[in-house]
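What follows is a single structure, written as structure tokens, with notes after it.
The values are calculated or read from the model by the stated rules, or taken from the named source; none is laboratory data. Quantities reported herein were computed from a predicted structural model and do not represent experimental measurements. Positions of Cβ are backbone-derived with ideal geometry, glycine not excepted, and every protein chain shown enters the neighbour counts. Note: areas computed on protein heavy atoms with side chains; ligands, DNA, RNA excluded. Shrake-Rupley method; radii C 1.70, N 1.55, O 1.52, S 1.80 Å.
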Amino acid sequence: MKGLVAILGGGESGVGAAILAQKQGYDVFVSDLGKIKEKYKDVLSNYKIGFEEGHHSEGKILGAELVVKSPGIPETAPLVKQLKEQGTPVISEIEFGGRFTSAKTICITGSNGKTTTTLLTYHILQKAGLNVGLAGNVGKSFAWQVAEENFDVYVIELSSFQLDGMYEFKADVTVLMNITPDHLDRYGYDMQNYIDSKFRILQNQTSDDYFVYCADDEVIQKEIQKREIKPVQLPFGLGEAAGPGAGVRDNRIIINFNQNQFSMSILDLSLQGKHNTYNSMAAGIASMVFKIRDEQLRESLSDFTGVEHRLERFLKVHGIEFINDSKATNVNSSWYALESVHKPVIWIAGGVDKGNDYTMLQGLVTNKVKAIVCLGKNNAKLHEAFGDCVADIVDASSMEEAVKAAYYLARNGDTVLLSPACASFDLFENYEDRGNQFKKEVRNL
């Protein structure tokens, strides 16, 4: 038996890492300061993996030769600091999984659009017949799949928190969608720290690899000038397509790659709107690296059904449309959502503020929003930002209260938009729970 691997966090990524560690011959122990869900406790019990919840047995964890940490646990947590001070490696589940697979990887990050782009890329590759897995922030734990599946390619959505715990991992294709202020509370309210975290996705790439990025993003462009970029650069944007790269001409997306030019009308894309043109180009060019045929790519880009909780046009009740955009956990996401709605809006917003600057929303809110329903434990910042823009701002302490308030404020032809611009953890388990509760309460109207 190898030494002890301690897993901090008993969720999807932690349990996956535990199963892989056991398969690789390590002694394994899972520790969660909170409660572990019953379904994960059952899995750990079935695998005869030791676990604890509600506390950390610090002596045991400090004796581990390796610690795999959940991305939700900050680097500043006292136990993590202790481990690092004594020289114990603390890594992410993605880093751990990458040590035991030779599969190719497409790794996708960015402040916005990464889930849609990840799912769309996976859809393209799967439809083309590749043996492909979906992992990271979406799908099943990467480490769990490495332990029990045998995929040739993985499409992996990566948050900055996951990237922070990655050191030797190398992606074959990286996709960087955009960088706008997000999670600044985890980065000392210093934007450069957050930018550096996102650029970790490029670490260890060589000239044989590929870097797909948004050419229209000023932060990315500025950073590229400062850094040595080793992989082949594949920029995408709304201007003329680079060669290689992707762009738009005469309402057609154009992708140039390896002497091949792919062209398709943006009106035929299943995902409409400017932000989705970016998502489609990024997924398209990343997929072309894997020699997807033009007709396969065209079909996949036109029949993809979208992402739950992301601008999900859910239901109409008495002429009022309800849109579930619970996945909008930052200001930039909510900007896209508000920009895409062309009817008067009742906006449900709020939650755990991550150092948000709402200034960029004020013009849109003034022009489009009739009323705001603030859904969170502390709504002072929303009142302060939009008190002069909107006549009606009301507070709600539950989703039932928020949906009812929005319904009473709306009229036939209006849109109720849940697009919180904040994390969900003050009142909900996660953004999925928040979106599901929204849909349940809309159905109850």
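Which value, in Å² rounded to 10, gives the accessible area of T366 with a 1.4 Å probe and all protein chains present?
It works out to around 80 Å².
With θ set to phi - 60° and the Karplus curve 6.51 cos²θ - 1.76 cosθ + 1.60, what are the ³J(HN,Hα) couplings of region 99-112 in order, to the nearest whole Hz, using x for Gly and Pro?
Using θ = phi - 60°, the values come out as 6, 10, 9, 10, 5, 6, 10, 10, 10, 10, 9, x, 6, 9 Hz.
Can you tell me the equivalent ellipsoid semi-axes for region 184-298? Use √(5λ) from the Cα gyration tensor, largest first, whole Å.
Semi-axes from the Cα gyration tensor: 27, 17, 12 Å.
Search the structure for amide H atoms under 5 Å from the amide H of D32, placed 1.01 Å from N in the peptide plane, and list their residues when 5 or more places away or on another chain.
Residues meeting the amide H criterion: G9, E52, E53, G54, H55.
Please compute the modelled spin-label separation between Q126 and D190, points set 7 Å along Cα→Cβ, answer in nm with one decimal.
Roughly 4.1 nm, to one decimal.
Which three extents, in whole angstrom, do the alpha-carbon atoms of the chain cover along their principal axes, largest first?
Dimensions of the chain along the principal axes of its Cα atoms: 67, 56, 40 Å.
Take every DSSP beta bridge with both residues inside the chain and express the antiparallel ones as a percent of the total, to the nearest 5.
Within the chain, antiparallel bridges account for around 25 percent of the total.
For L315, enumerate residues with amide H under 5 Å from its amide H, sequence gap 5+ or separate chain, H modeled in the peptide plane.
The list, which skips near neighbours in sequence, is F322.
Name the residue from V352, T415, G387 whose Cα lies farthest towards the positive end of the charge dipole of region 352-415, charges +1 on Cβ of Lys and Arg and -1 on Cβ of Asp and Glu.
Final value for the positive-end residue is T415.
Pull up the cross-link candidates among the aspartates and glutamates for K60, meaning alpha carbon to alpha carbon under 15 Å and not fewer than 8 places away within one chain.
D27, D32, E52
Normalised by the residues of the chain, what does the relative contact order come to in percent, with Cα pairs under 8 Å and at least six apart? Kindly include the intermediate steps, with their values, before the conclusion.
Numbers: 933 pairs, mean separation 49.5, N = 445.
Relative contact order here is 11 percent.
How charged is the neighbourhood of F142? Take every other residue with its Cβ under 12 Å from the Cβ of F142, and add Lys/Arg as +1 and Asp/Glu as -1.
Here the charged neighbours net out to -4.
What residue among Y408, Y122, Y194 has the largest mean-square fluctuation in a Gaussian network model of the chain, using Cα springs under 10 Å?
Y408
For the chain, what does -39500 (n - 2.57) per DSSP helix run (n ≥ 4), summed and divided by total residues, give at 222 nm, in deg cm²/dmol to the nearest 500?
So the helix-based figure for the chain works out to -10000 deg cm²/dmol.
Taking the Cα-to-Cβ direction at S397 and at Q233 and moving 7 Å from each Cα, how far apart do the two end points lie in nm?
5.4 nm
As an exercise, use a Förster radius of 30 Å and the Cβ-Cβ distance of L315 and Q261 to find the FRET efficiency, rounded to the nearest 0.05.
0.15
Using modelled backbone amide H atoms (1.01 Å from N, in-plane), which distant-in-sequence or interchain residues come within less than 5 Å of I348's amide H?
It is V373, L417, L418, S419, by chain and number.
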